[in-house]
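Participant: Here's a structure for you.
Values in this text are rule-based calculations from the coordinates and carry no lab data. Because the structure is a prediction, the values reported are computed rather than measured. Please note: Cβ atoms are built from the backbone with ideal geometry, for glycine as well, and neighbour counts cover all protein chains shown.
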C-alpha cells in the first residue's frame, strides 16, 4: 500500500504529440519500500497543480513571516 509520493530530482518532460507532462516521482510504501514511477498530467491538470502549489507556497510564507 502506498503511503505517499515525492517528486524526483529529475526534470519533467512534455510530449507535444500527446499534450502531456510527465513528472518523475517516487512512491513510498507503508512497508518502507520505494519505487519510481511517473505522474502524467494533462494541460488542465498542470494548471490546477500550479495553482495548488502556488497556494501552498503562499501559506508557507505567511506562516514564516513575523506577525
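Participant: Counting each DSSP H run of 4 or more residues in the chain as -39500 (n - 2.57), what helix-only mean residue ellipticity at 222 nm follows after dividing by all residues, to the nearest 500 deg cm²/dmol?
Facilitator: The helix contribution divided over the chain gives -11500 deg cm²/dmol.
Participant: If we sort 34-40, 23-29 on the protection proxy, mean other Cβ atoms within 10 Å, highest first, what's the order?
Facilitator: With the highest mean Cβ count within 10 Å placed first, the list reads 23-29, 34-40.
Participant: Only Cα pairs under 8 Å and at least 6 apart count here; give the relative contact order of the chain as a rounded whole percent.
Facilitator: This gives 25 percent for the chain.
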